[in-house]
1. If I ask for residues that are loosely packed, with under 14 Cβ neighbours inside 10 Å and part of a helix (DSSP H, G or I), which ones from segment 78-100 would you list?
2. If I filter segment 2-11 for residues that are over 17 Å from Val90 (Cβ atoms), among the β-branched types (Val, Ile, Thr) and modelled with pLDDT under 95, do I get at least one hit?
3. Criterion first (within 17 Å of Ile11 (Cα to Cα), touching an Asp or Glu at 6+ places or on another chain (Cβ under 7 Å) and at pLDDT below 95) does Lys93 satisfy it?
4. Among the candidates Ala62, Ala34, Ala30, single out the residue that is modelled with pLDDT of 90 or more and surrounded by 14 or more Cβ atoms within 10 Å (Cβ to Cβ).
Amino acid sequence: MKLVILEDAEIVKMLRNPQIVEAFPFLRAAATAAAAPAKRGCGGCAKKKAQRIAGDYSGIRAAIGGLDETGMRKLKELMGLDVKNDKVRVYYKDVSRKDIKKTF
């Protein structure tokens, strides 16, 4: 059994996988933003982009936490995990800002 925790690095891997982005439309905007080239300059723009993307990641985690059983199974398949034995854990905040830990 393998446990994959969906942290920022895992989300970046998901955003770089076109099959996952195509299967889950809520990832499209973040994938486009993450793929945009960094601009040259003082670094202020890069910091703003990093903050915006971090906000997107929390929304992505919440969307993944809200997936139904079929969506969860499909996500595991596209991540290359064993659907029956491997587990995915996601930490997110619900609409009332309560911390949620979901393992599927």
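1. none
2. no
3. Numbers: within 17 Å of Ile11 (Cα to Cα): yes; touching an Asp or Glu at 6+ places or on another chain (Cβ under 7 Å): yes; at pLDDT below 95: yes.
For Lys93, the condition - within 17 Å of Ile11 (Cα to Cα), touching an Asp or Glu at 6+ places or on another chain (Cβ under 7 Å) and at pLDDT below 95 - is met.
4. That would be Ala62, the only listed residue that is modelled with pLDDT of 90 or more and surrounded by 14 or more Cβ atoms within 10 Å (Cβ to Cβ).
The values are calculated or read from the model by the stated rules, or taken from the named source; none is laboratory data. Quick caveat: nothing in here was measured; it's all calculated off a predicted structure. Glycine also receives a Cβ, built like all others from the backbone with ideal geometry; neighbour counts cover every protein chain displayed.
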